[in-house]
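Asks: Have a look at the structure that comes next, please.
The values are calculated or read from the model by the stated rules, or taken from the named source; none is laboratory data. Fair warning: this is a prediction, and the values are worked out from it, not measured in the lab. Don't worry about glycine lacking a Cβ; one is built from the backbone with ideal geometry, like all the others, and counts go over all protein chains shown.
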Amino acid sequence: MIGSPDVVAFTKEDDFGDSFSDPCSLPEEFSVPLFAHAANANPWTKTSYAKFSKDFILVSEFSEQVGPQPLLTIPNDPKVCGTFDLNYFSLRIMSVDYQASFVGHPPGSNYPKLNFVEDSKVVLGDSKEGAFAYVHHLTLYDLEARGFVRPFCMAYISADERKIMHQFQELSSEFSKASEFLKSGNRKAFANELEKKLKDLEYTRSVLHKETELQKKNNGCYSTQAIEKANELANVEKSIYEHKDLLKQITSYPSRKKKDVGFVQRETEKLADTSVLDDTLNSNHSDIADKTVLTESDSRKSSYTPQLIKAKSAKCFDKRLKTMEELCDANFFHQTLKQLNITEKSFRGDLCFIYTSQIDRALLGKQRVTSFLFEAEREWENEGTSKNFNISSNNPTVPILNLSGELLSLESYTTCIDIDHIKPGVESMEGPPESSLSDITQETSEAADTETKGSFSSDKSIEAFGGVSPSSLQANYFDGLERKSKVSIASPSESASSYVAVPQRMTDGNLVPMDAACCIGQDGFIFEEPLPELAQECCGDTVVNQEPLSLLQGDPALQVDYILEESALAESPNMGLTFSELNTGVLSEEVAKINIEYVSDSTSFMSTSTSSDRAVSPFTYSSALTLKQKKKAGHSSLRFIRQYPFAQQAIFCLLSGRTLVILGVDEGTVRKLVNALFFFVPNLGKYGETVQPWLSSPFQLTDLQRWKLIGLQRAASPAGSSILHSLNRYSRYISILDSDSKTLRCPPYKGTLISHLADHRTQIKRGSTYFLHVQGMLTQLTAKAFLYTFCHHIHLPMDINDQGSVTSRRTNFLLQLGYTVEESKIVQYLSELIKQHYIQGSSMGGNQSFCFNYTTSYLYKI
Amino acid sequence: MLRWILGGREAQGTVEKSAALFIGEEQPKNCFTEMQVLKGHFDIVRFLVQIDDLRFASAGDDGLVLIWNVETGDCLIELRGHTQQITAMISYTFIRGGNAHTALITASSDRTLSLWDPDSGNRVQNISDLQSPVKCLLVLVCLDVWLSGGNELCVWNRDFELQCKTVHHSDAGISAMVELPKNFIAAAMDKEIVIFKLNLSGSDIAVMAMRHLADHQDTIHSLIHINDGLFASGSHIGELIIWDSVDWTIQAYEHILWEEPARDGQSEFKLNHQKQIERSIQHMSSDGEYIVAAIGSGLYVYNVLMKSVVAYRRIAHDSNVLHTVLQRLMSCSEDGSVRMWELQDLPLPAEPASSGFFGMFGTFGRSSKQTGPPAKKIPEVPGLRSLELIGDLIGHSGAVQMFLSFKEKGLVTCSTDHLLIIWKDGEFQSQLRSLAVFQKLEENQEL
């Protein structure tokens, strides 16, 4: 938890002006752009007029039959969009169409030509609707469509313009991935379609051929029928050539692009179907590719019976257009949906929160050596993926169509882009009337017209940015920062460049973004189904009325819900700080703090009463431990610390690597205790492998190696007695917490370190706050362990006969760090883990050795 | 402890220890603070043989031979081939092409003898259909031959060709062999020690029995080489005989009766009966000057040169001691523990030892109370020292069959519970890891 939200609050604007660079200060890429607030402006008011409650993703199509239409939203919940007019917005986003990808007969070519175009990425704003969108256009190929193309677009719609702007790069890379899924699925489906069509045509040709011969025989060569048939045959022949050429084009999709799709392929390689695609795509010789496709498809699709194609095609409006799922392979389509869902999840929350978590991740990324100890697993291993992201987002620019914003916002933007692209006409779009459906058709042309002036396709923007390297963008970014005080809305070039150096967001499905205080602006608008009884309990609470900070305009019931929304209230005390920092002018820091703590206390009191139901163990095998689970566990932990005076000793055992066995008759009690303690276990593992929450069979010596925290059943059966026997036998390696008699048998601990970590008189009221507190302390401890591990002079002998002095130097070093003998054991244990991890890599596989100490244990009672 | 877990509310200190000797959890002299459990066998592991500085082989009742790396704990190779339990295993070093090769010879109850290459895992040689299972093996480095002892004694050359063998002996067969000077071999057969001579005439080797030494009253369990001039044998009823290697005469005879003549009457008689069974000499080891013998559940240290007892502890373990080593005095037992001992001088040997005095002396924590009984029985022997427990290793859940020391690299134990454990010096390992970390840093140029 390096970048916990309070870091944001303490960032001072003055820091930017400093020419003197403090060596301790954060590198520039980790700094957070401040909220650009006017004096006393409520930062949460500006989004209030949006008609949707939270950000969502909209996928639309420009149908050749009915025009722009929304296809789906993510999340697929009507509540999300609220009264927001999807049809209207689809029209808006689709009208920013780009013309880059038409298929037609280019001059000098006899056959239609497919263009493999880049997707266009545009930012669009609609101040009237209070909606801002990142819009990602793409075209899919459809044999039956006009010009063989079907324009689609995916849009990330948010009420917060800055969020879109600042996260442009990330959004772009995420949507590019989704788009790649769609397009590669589509290429495959299109190729299949072409093959079928070709077969039909070949079949038709053979039939026609026979008929022509027949006509010739019957009526002579020059009869009308014969000529008609011959013409028809010639048409079919031509059609065959065209289709073959199309097939050739689609199968020789540039291999350069295929590299970008690498990650797509990786995930779908197992699907046998893709092999065809892969083969053909890999091949440079399209002829060979052609053959492989045909032969393979022959063997594969031998069941397909060719059909006769009528000379005249059906009328345009008669035929049913393919759905998106049909256009792409179903597998690819679902991959896309999954990807979009991940994207939606990862961009949830306020911009500040996203920043913080990005910085958090960036910092964590720098700590690969030690992050395995206490940080949640985030799959740093797949570095390749993140690289892929960078490649795939090959458009480093932010083409922007700012319909509502002032020109001022484009000020720094224009420093690197030709101003010609931005026409004053842009502003004319500011207030289109609240459009009814009938208006749409009328407006479409007009809107499209104006917007094409203002928007620019990705092609154009590539031209414009042709010579702009990331470094120059970076420089521009700093220019922008200096000018920042004048610019009320962050400029797009800033947002574009500021992330050049920041590692890309990992789209780990398991990574659920934590809900920190910063989400408040966003989450305030979520109307959750209220829990009736809790709401009643709390309604009369004066505190609720005094909590107007973010929700001044909201209705009181909503406030109550919000406060009760456990997960949303992440770190109340810090929140208080943030508010005062932001100069809300409503409450002083102390008052805010007290208020919120009081609120949190009341919630924690309530949750205490229901905690037995909620004490769900986070250990369900095969699912990764999430930060959320850990935060929830913070609550149990807090209660454990308050309840058990020997909590410090128990935590000491875990931190120093001594296996802690929690013994009890009742599974629920034991699991609760395990839950309270598990996040103290160093190197917990992604799935919490080092914790065994409930064991009812005798454990082996090897289990001590594997598990550092064990919940053990006390049973009267013979198995139970053998469990007790093994406990007795290995008593020197373990500490035993007896949940029935409330005793702990473990080595003594008399230090101050853990008393800070687990003070039973702690003022911390909330579980998640406590968890963050613990994380902070543990990070500190980890840093010390890192220092200890990698400090040269304390480990390397001065000369060969110098082993003794190494030991004494180590001891002295630890003493200098301020650790007692017992605390040194913690650092030493962590250090050993770091060493093993560093030497063996993250796998930690193989046969681990198990370290222990010969120390006397004592029995602690409550 | 146990009672406490079972739900008793007494303080821990009041819980009685059933162990004969209990050292607390505080063991400052015990450097083995790291263990690595090696899994691989499916049955009792009985034999450990060191191959080189890094590798060792383990074998047991599952017929498997596993080669391990002592530093990493990795199982390097599995040698499969024997269908029944392995009865003897020895390493065999020979020179081939100027390089010393170490191979393994194993004998199994399936009446086969195999030669294994521990590098490749190949079964280089194999002899099956032996007339009787081989119980012991001996390599004579100077003659470059090796011997197998079962119901008969066979002499083999490096290429697994039978050179000669003796006639069929009694059903008991040869249980142990030691090499004596001048190509003589001493073999223990039930109550007798038989001296064989290997006659070399050209390339032919002949073996013949020279003498039968029938001085033991009971079955000989242990036969060891002490130094060039002496060897020792120990029997089931506690007879320890030191023999001259050259003329095979008795140099010393000790009949170890743990019990002094009855003093307390009734209760001692009872004990007598029990102890009769438990004074069998299971194992001995020697460094040329001292012998340590595992006698019943006790230990006995004997100075060969002085021909006197140095120290002993009648109840060193809860049950029979199976293996001992002298260099760093250790013993392992059927009770599943390995114990480390230290010879300590008695402060004033002239002063008659009182139990009160011993209660204060040289023990650790609570264990002092339990050291009473053996201390009482200190006989009036000048120079007698005490054998003090300095640490124990608990990990196995079955009898510890044998252990093998790799000096600072660690100690390997094998057990009835199918496991092997490498015990390591945690401090030393930590330093090794630090060195490895800095080495890797250097390699990755991250320094």
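Yes/no per residue for (1) farther than 20 Å from B:Val309 by Cβ; (2) part of a strand (DSSP E or B); (3) over 23 Å from the mean Cα position of the chain (by Cα):
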position	(1), (2), (3)
B:Cys164	yes, yes, yes
B:Asp171	yes, no, yes
B:Lys182	yes, no, yes
B:Ala186	yes, yes, no
B:Ile195	yes, yes, yes
B:Ile205	yes, yes, yes
B:Met208	yes, yes, yes
B:Leu240	no, yes, no
B:Asp247	yes, no, yes
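Asks: Can I ask one more? Can you name the strands (runs of 3 or more DSSP E) wholly within region B:108-159 that have at least 2 residues being within 17 Å of B:Met89 (Cβ to Cβ) and within 23 Å of the chain's Cα centre (by Cα)? Give the steps one after another, and end with the answer.
Replies: Values: elements: B:113-116, B:123-127, B:136-140, B:145-149, B:153-157.
By residue number, B:136-140, B:145-149.
Asks: Residue check: is A:Ala758 buried (at least 21 other Cβ atoms within 10 Å of the Cβ) and either within 14 Å of chain B (Cβ to nearest Cβ) or of a type in the set (S, T, N, Q) (or both)?
Replies: no
Asks: Does A:Cys316 meet the test of being more than 19 Å from the chain's Cα centre (by Cα) and at pLDDT 85 or above?
Replies: Against the criterion (more than 19 Å from the chain's Cα centre (by Cα) and at pLDDT 85 or above), A:Cys316 does not qualify.
Asks: Out of all the residues in region B:144-172, which are out of contact with any strand residue (DSSP E or B) (no Cβ under 7 Å at 6 or more places or on another chain) and either under 20 Å from B:Leu79 (Cβ atoms) or not acidic (Asp, Glu) (or both)?
Replies: B:Asn151, B:Asp159, B:Val167, B:His168
Asks: Going residue by residue through region A:692-700, is there one that turns out to be more than 14 Å from chain B (Cβ to nearest Cβ) and in contact with a Pro (Cβ under 9 Å, 6 or more places away or on another chain)?
Replies: yes
Asks: Please go through region A:140-156 and give me each residue that is in contact with a Ser or Thr (Cβ under 9 Å, 6 or more places away or on another chain) and modelled with pLDDT of 85 or more, ordered by number.
Replies: Within region A:140-156, A:Arg150, A:Pro151, A:Phe152, A:Cys153, A:Met154, A:Ala155, A:Tyr156 meet the criteria.
Asks: Tell me, yes or no, whether region B:175-188 has at least one residue that is closer than 19 Å to B:Leu113 by Cα and surrounded by 19 or more Cβ atoms within 10 Å (Cβ to Cβ). Show your work before the answer.
Replies: So the first thing to find is which residues in region B:175-188 are closer than 19 Å to B:Leu113 by Cα, and the list is B:175-177.
Applying the additional criterion that residues be surrounded by 19 or more Cβ atoms within 10 Å (Cβ to Cβ) yields B:176-177.
Checked against the condition, which is being closer than 19 Å to B:Leu113 by Cα and surrounded by 19 or more Cβ atoms within 10 Å (Cβ to Cβ), region B:175-188 yields at least one hit.
Asks: Could I ask something else about it? Is it the case that B:Ser175 is under 30 Å from B:Asp244 (Cα atoms) and under 25 Å from the mean Cα position of the chain (by Cα)?
Replies: So B:Ser175 passes the test.
Asks: Ok, one more. Determine, yes or no, whether A:Thr789 is crowded, with 16+ Cβ neighbours inside 10 Å, away from chain B (no Cβ under 14 Å) and touching a helix residue (DSSP H, G or I) at 6+ places or on another chain (Cβ under 6 Å).
Replies: So A:Thr789 does not fit the description; no.
Asks: Quick one: in region A:116-134, which of the residues that are modelled with pLDDT of 80 or more and more than 20 Å from A:Ser184 (Cα to Cα) is surrounded by the fewest Cβ atoms within 10 Å (Cβ to Cβ)?
Replies: A:Gly125
Asks: Hey, could you check region B:60-103 for residues that are touching a residue at least 12 places away in the same chain (Cβ under 8 Å) and among the acidic types (Asp, Glu) and say which is farthest from the other protein chains (Cβ to nearest Cβ)?
Replies: Ranking the qualifying residues of region B:60-103, first place goes to B:Asp61.
Each row is one residue, and each column tells you yes or no for (1) within 19 Å of A:Leu701 (Cα to Cα); (2) surrounded by fewer than 21 Cβ atoms within 10 Å (Cβ to Cβ); (3) away from chain A (no Cβ under 11 Å); (4) modelled with pLDDT under 90.
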| position | (1), (2), (3), (4) |
| --- | --- |
| B:Met1 | yes, yes, no, yes |
| B:Trp4 | no, no, no, yes |
| B:Arg9 | no, yes, no, yes |
| B:Gln12 | no, yes, no, yes |
| B:Glu26 | no, yes, no, yes |
| B:Asn30 | no, yes, no, yes |
| B:Ile44 | yes, yes, yes, no |
| B:Gln50 | no, yes, yes, no |
| B:Ser58 | no, no, yes, no |
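Asks: State all residues of region B:54-103 that are in contact with a Lys or Arg (Cβ under 7 Å, 6 or more places away or on another chain) and of a type in the set (S, T, N, Q); if no residue qualifies, say none.
Replies: Across region B:54-103, the qualifying residues are B:Asn69, B:Thr87.
Asks: Looking only at helices (runs of 4 or more DSSP H) that fall completely inside region B:342-447, which ones have 2 or more residues that are more than 19 Å from the chain's Cα centre (by Cα) and either within 14 Å of chain A (Cβ to nearest Cβ) or at pLDDT 90 or above (or both)?
Replies: Those helices (runs of 4 or more DSSP H) span B:426-443.
Asks: Specify which of the listed residues (A:Phe332, A:Phe353) is buried (at least 20 other Cβ atoms within 10 Å of the Cβ), at pLDDT 80 or above and either under 15 Å from the mean Cα position of the chain (by Cα) or at positive phi (or both). Before the answer, list the steps.
Replies: Details: A:Phe332 fails: either under 15 Å from the mean Cα position of the chain (by Cα) or at positive phi (or both).
Among A:Phe332, A:Phe353, only A:Phe353 is buried (at least 20 other Cβ atoms within 10 Å of the Cβ), at pLDDT 80 or above and either under 15 Å from the mean Cα position of the chain (by Cα) or at positive phi (or both).
Asks: Within region A:792-811, track down each residue that is surrounded by fewer than 12 Cβ atoms within 10 Å (Cβ to Cβ) and modelled with pLDDT of 80 or more.
Replies: A:Ser808
Asks: Restricting to region B:60-79, name every residue that is at pLDDT 90 or above and not in a strand (DSSP E or B).
Replies: B:Asp61, B:Asp62, B:Gly63, B:Leu64, B:Val70 - these are the residues of region B:60-79 that are at pLDDT 90 or above and not in a strand (DSSP E or B).
Asks: Restricting attention to region A:79-96, and to residues there that are part of a loop (DSSP other than H, G, I, E, B) and either within 13 Å of A:Ala155 (Cα to Cα) or of a type in the set (Ser, Thr, Tyr) (or both), which single residue is modelled with the highest pLDDT?
Replies: Only one residue fits best here, namely A:Thr83.
Asks: Of the numbered conditions (1) away from chain B (no Cβ under 11 Å); (2) surrounded by fewer than 21 Cβ atoms within 10 Å (Cβ to Cβ); (3) more than 25 Å from A:Tyr858 (Cβ to Cβ); (4) not hydroxyl-bearing (Ser, Thr, Tyr), A:Lys750 fails exactly one; give the number of that condition.
Replies: Evaluating A:Lys750 over (1) away from chain B (no Cβ under 11 Å); (2) surrounded by fewer than 21 Cβ atoms within 10 Å (Cβ to Cβ); (3) more than 25 Å from A:Tyr858 (Cβ to Cβ); (4) not hydroxyl-bearing (Ser, Thr, Tyr) leaves (3) as the failure.
Asks: Among the candidates A:Leu833, A:Leu814, single out the residue that is more than 12 Å from chain B (Cβ to nearest Cβ), touching a helix residue (DSSP H, G or I) at 6+ places or on another chain (Cβ under 8 Å) and of a type outside the set (Asp, Glu).
Replies: From the options A:Leu833, A:Leu814, the qualifying one is A:Leu814.
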